[in-house]
1. Looking at ALA596, ALA533, ALA585, which is the one that is surrounded by 13 or more Cβ atoms within 10 Å (Cβ to Cβ) and modelled with pLDDT under 80?
2. List the number of the failed condition for GLY289; all other conditions in (1) in contact (Cβ under 8 Å) with a residue 40 or more places away in the chain; (2) part of a loop (DSSP other than H, G, I, E, B); (3) among the small types (Gly, Ala, Ser) hold.
3. Between a residue in segment 393-404 that is free of Cβ contacts under 8 Å to residues at least 40 places away in the same chain and on the phi < 0 side of the Ramachandran plot and any residue that is of a type in the set (D, E, K, R) and open to solvent by 40 Å² or more (accessible area, probe 1.4 Å), which pairs come within a Cβ distance under 7 Å, given they are 6 or more apart or on different chains?
4. Under 9 Å between Cβ atoms, which residue pairs at least 6 apart in sequence (or on different chains) link something in segment 569-591 that is in a helix (DSSP H, G or I) with a partner that is basic (Lys, Arg) and at pLDDT below 80?
5. If you go through segment 37-45 one residue at a time, do you hit one that is modelled with pLDDT of 85 or more, over 39 Å from the mean Cα position of the chain (by Cα) and outside any loop (DSSP other than H, G, I, E, B)?
6. Exactly one condition in (1) open to solvent by less than 70 Å² (accessible area, probe 1.4 Å); (2) modelled with pLDDT of 70 or more; (3) in contact with a helix residue (DSSP H, G or I) (Cβ under 8 Å, 6 or more places away or on another chain) is not met by ILE539; state its number.
7. Looking at segment 330-344, is at least one residue at pLDDT 90 or above, open to solvent by 20 Å² or more (accessible area, probe 1.4 Å) and over 23 Å from PHE430 (Cβ atoms)?
8. Just need a number here: residues in segment 222-239 that are more than 19 Å from VAL515 (Cα to Cα) and not in a loop (DSSP other than H, G, I, E, B).
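The values are calculated or read from the model by the stated rules, or taken from the named source; none is laboratory data. Since the model is a prediction, treat every value here as computed from it, not as a measurement. Cβ sites come from the backbone with ideal geometry, for glycine too, and all protein chains shown count toward neighbours. Note: areas computed on protein heavy atoms with side chains; ligands, DNA, RNA excluded. Shrake-Rupley method; radii C 1.70, N 1.55, O 1.52, S 1.80 Å.
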Amino acid sequence: LKWHVVIVETASCEYGYYPGEKECLACPSGAECVGGTTYPFPKKGYWFDDCRDMKKAFYSCSWATCKGFRKNAHLLSQTDDNANGDDDDDVFNELLDLCWSSNGLSNNSQCDTDVLQCAEGSQGPMCGSCLEGWRYTASSRRCVQCSERLWLTGFIVCIVILVLGGLITFFRDGFLTIPSQFHSTFGDKIHIPLIGLLSHIDTGVLKVTWSTFQIIQSISFNIQVRFPFPYSILQSWLSFLDLDYLSVICFHGNFLQEVIMISLLPILVAIGCWGIFIFRILYRGIEFGFHSRDMRVLYSQHFYFSLLLIYIVVPTVISKQFKALSCQTLHSGHSFLRVDTSVNCSSKSYRQFLILDCFLILVYQGLCLLYIILLYRVRDKLNPRAANKELALQMRDRDESLHPMQFLFCDYKPNYWYFEITDLYRRIVFISVLPLLSQRNSMKAYMGCTLALFSAIYFRELTPYRVAFTNVIAVIAQYVILLDFMAVLVLDARSLNAFGFSKIGFGCMLIGVNVIIIWLGGYLAYNEYSASARRSQEIQDKAIKIENAVDFTKNKFRTTLEYVIERAVPSSHVLCYYYTSLAEAQESVKLNMIPALVEGNGIVVSLNGPMDIGATHASLHFMGTLAQSWEAVICLSLPRRSLFPVASQPGLTSEMK
């Protein structure tokens, strides 16, 4: 920065005034004037740019990195450079005379503006960029020094989130399938209780929680407010929702490079996802084509993950792309990017970047358009004509063609099949558009309150979620967002004392208000998990246990089955037999159900027991391919009136459906 000043002979001024061309002038807003022949210097939270017009030379900083001249002079007095041991006042007066008097302003090459005005680690106009080896944190609104421990912590958090998200995506039932070569050691499946509990969280609640905290976390950066302790700690923990992984790894580059990398990384992750999809197909030897059930299952898993990735990253990435369009021009003519003042908006490189940024914005808007296209083309299936809502939900849930994209609609009522799109744009407005609507923090907070209030009314009137309690949580979440924006207004007006709050008390209250969403979601998940565990236990208790009958003789079979008929089969029922493989028998007993044959329009059973049917009986052909080499028999007590003969065939009068 070059300061230009015309020096005139001035008289000594009183405190609160500074020398003008002909008379002493009142100290401008954001500045401190100590009188004498010294010029105004910036207070804490303000930055000095140009002294030609002192009334317009002081700017309010959006970061908390503008320490003010008096504070920095105090810090300089405590450095090793102060070899003479001068006290604070001596150093302050020396620097004041050197850098803020008429002589100092005309010979400012001796004064470093960054050292005089900016906090440690920050530099440039408005102290709005960080030095190499430092990174900006939204929770403290300052530059903090990078460390290996910080990098490792951020890396571990990212890995845990990815692994947990992958487990929930691909093993939503809480069971991890084990490869066949390890069945003897671990069995065919391993139950993971944590995944089981998380998988029972209603995905609608997860969406409400994620979107709410994503909006809340963006407030501190978009409105540039520092919340009081301990709520500021919670905001720091939530910073991962901003996908600011480049700051975590202390990526050294300007904001433009950060936008490019953050925009490209999700695309690379999506490409990797489908690369893994192809690898899994080749590894398992699955034939390409949707006629294969295994192929459809794998495709559904990876398509689900892709939609989930879009849901997570699009609002945040678009936010950063929009921020790269917002520049500020000072009265001196210097123009820079608001979020990174090291970027000169008048430079050729920035104009070239604008072309790339507009292209990336179109790409990510295309992803939003993908949501619209996917849902609109199957809208009749998503909202089928049915006698009531419950039947419409059953028809929609049983439609296998919709399974790959169920992430977009499964949590909503049939008539709100489009709601995922509107909620995506709601998040984009809060996170990306709101900070561009005004430069005043208070005005942005007022608009945030208005949007949150409209969102609360919107959710309350529509009740779009299929689970009633999720609608309650969604409405509460909007009021939580509203209270956070109102807290910004209170902090901006410095009215804590008027409401009888201390900073710590106010921070604790904000934590309590925000954590209520997590508590309600956890409560709902625990209840659902407990109910599911009880249902599974009831099924297991009611199910007939598998008995090893390898050494059974015909007589042993006969006496055992006669005992079962006597004790467990009422006169209105009859004991029937279903022959299959051991694996299917185990699965059927566990689920307390037997798969129906589509071509047979039901389940084919036999009245002939294992002591009579042998291994090559003709009736086995009617029970499917597994029955022809049967390893197990399932004994069923069925009502007589529910049975009718299979299509008449000679010698098969005992085969029923």
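1. Unique residue meeting the criteria: ALA533.
2. Failing condition for GLY289: (1).
3. Hits for this filter: ARG396/LYS381; ASP399/LYS381; LEU402/LYS381.
4. Hits for this filter: VAL589/LYS545.
5. Checked against the condition, which is being modelled with pLDDT of 85 or more, over 39 Å from the mean Cα position of the chain (by Cα) and outside any loop (DSSP other than H, G, I, E, B), segment 37-45 yields at least one hit.
6. For ILE539, the exception is condition (2).
7. Checked against the condition, which is being at pLDDT 90 or above, open to solvent by 20 Å² or more (accessible area, probe 1.4 Å) and over 23 Å from PHE430 (Cβ atoms), segment 330-344 yields at least one hit.
8. Qualifying residue count, segment 222-239: 1.
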